[in-house]
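J.: Quick one: this structure, given as structure tokens, is what I'll be asking you about.
Derivation of every value follows stated rules applied to the coordinates shown; laboratory data play no part. Quantities reported herein were computed from a predicted structural model and do not represent experimental measurements. Positions of Cβ are backbone-derived with ideal geometry, glycine not excepted, and every protein chain shown enters the neighbour counts.
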Amino acid sequence: MRERIPVVVQRNSRGRRVAARGLWTGAELVVTLGVVLLLLVVHQLWWTNRQARSGAEHQVRALQQEWGEERGGAGVVPGVDPGGGSGDSGGPSGSGGASNGGRAVRAAPRWDQAYAVIRIPRIGLAAPVAQGISKSGVLDKGYVGHYPRTAQPGRPGNFALAGHRNTHGEPFRYINRLRRGDRITVETRDAVYTYTVDRTLARTSPRDGGVIAAVPRSNVKPYAGYTEAGSYVTLTTCTPEFTSRYRLVVWGRLVDVRSR
């Protein structure tokens, strides 16, 4: 009877160690990537909101304090009309600007300067309004931005505004909740303008410039908007939430002006 000789197979222990190290390294990379992504989400959804809201609230208080001090005795400065020019001009002021019948008037707000406060009781909003709609200079600060070349508050035409719906203070997050008759007030150094919500457009193209025209009317959905001149306010923001694919539009009409 032959004796069987056992065959011992030596496994490559070095190869196993390399494979295990590779798997461990890959797992570490996945976990690290997940943590980085989580931190980015926290920064975008929480920190930018906290930072922008704090800055915007501070700016609202600063404006109110400044206006109160000026009404207490400070004079006006020569410049252009406090509305910022003609009814269809919302951009930064140019040079000069004459006196208004010999009366000195205030200079128009400079580019990206906060110069008004918008309040919407329905959604608990109080935010500064600044010239322009740049992200870094205006919107990412939690401000509401005034579209260039649109009317100033209370003027004939369309006082058109933009604001973030998500992140960076998201002042316009809940404007989809506004209903006909809801009040929108815009406070400036010289007056308080009250608008009431009149119409909404749930979705349109970001390129639909008709919604911020002097007589606002959608170029994409011509049934939405107005046909007659007036004094309007337009709120625009991105929709659906957390995307910028479309624009949500809310329109209002001027119903009251109260001088300070």
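J.: Among 149-157, 132-140, how do they line up from the highest to the lowest mean number of other beta-carbon atoms within 10 Å?
T.: On the way: 149-157: 21.9, 132-140: 17.2.
So the order, starting with the most tightly packed, is 149-157, 132-140.
J.: Here is a further query. At 0.36 nm per residue, minus the direct Cα-Cα distance, what do His58 and Gln113 gain on full extension? Give it in nm, one decimal, please. Provide the component values of the computation, followed by the final result.
T.: On the way: separation 55, 0.36 × 55 = 19.80 nm, distance 1.39 nm.
Gain on stretching His58 to Gln113: 18.4 nm.
J.: Please give me the summed charge of the neighbours of Asp182: other residues whose Cβ is under 10 Å from its Cβ, Lys and Arg +1, Asp and Glu -1. Write down the numbers at each step before the final one.
T.: Details: positive: Arg122, Arg177, Arg179, Arg180, Arg183; negative: Asp198.
Here the count lands on +4.
J.: I've got another one for you. FRET efficiency for Asp256 and Arg203, Cβ-Cβ distance as r, R0 = 41 Å, nearest 0.05?
T.: Values: r = 30 Å, r/R0 = 0.74.
My answer for the efficiency is 0.85.
J.: Between Tyr223 and Arg149, what is the FRET efficiency for a Förster distance of 22 Å, r being their Cβ-Cβ separation, to the nearest 0.05?
T.: The value I calculate is 0.30.
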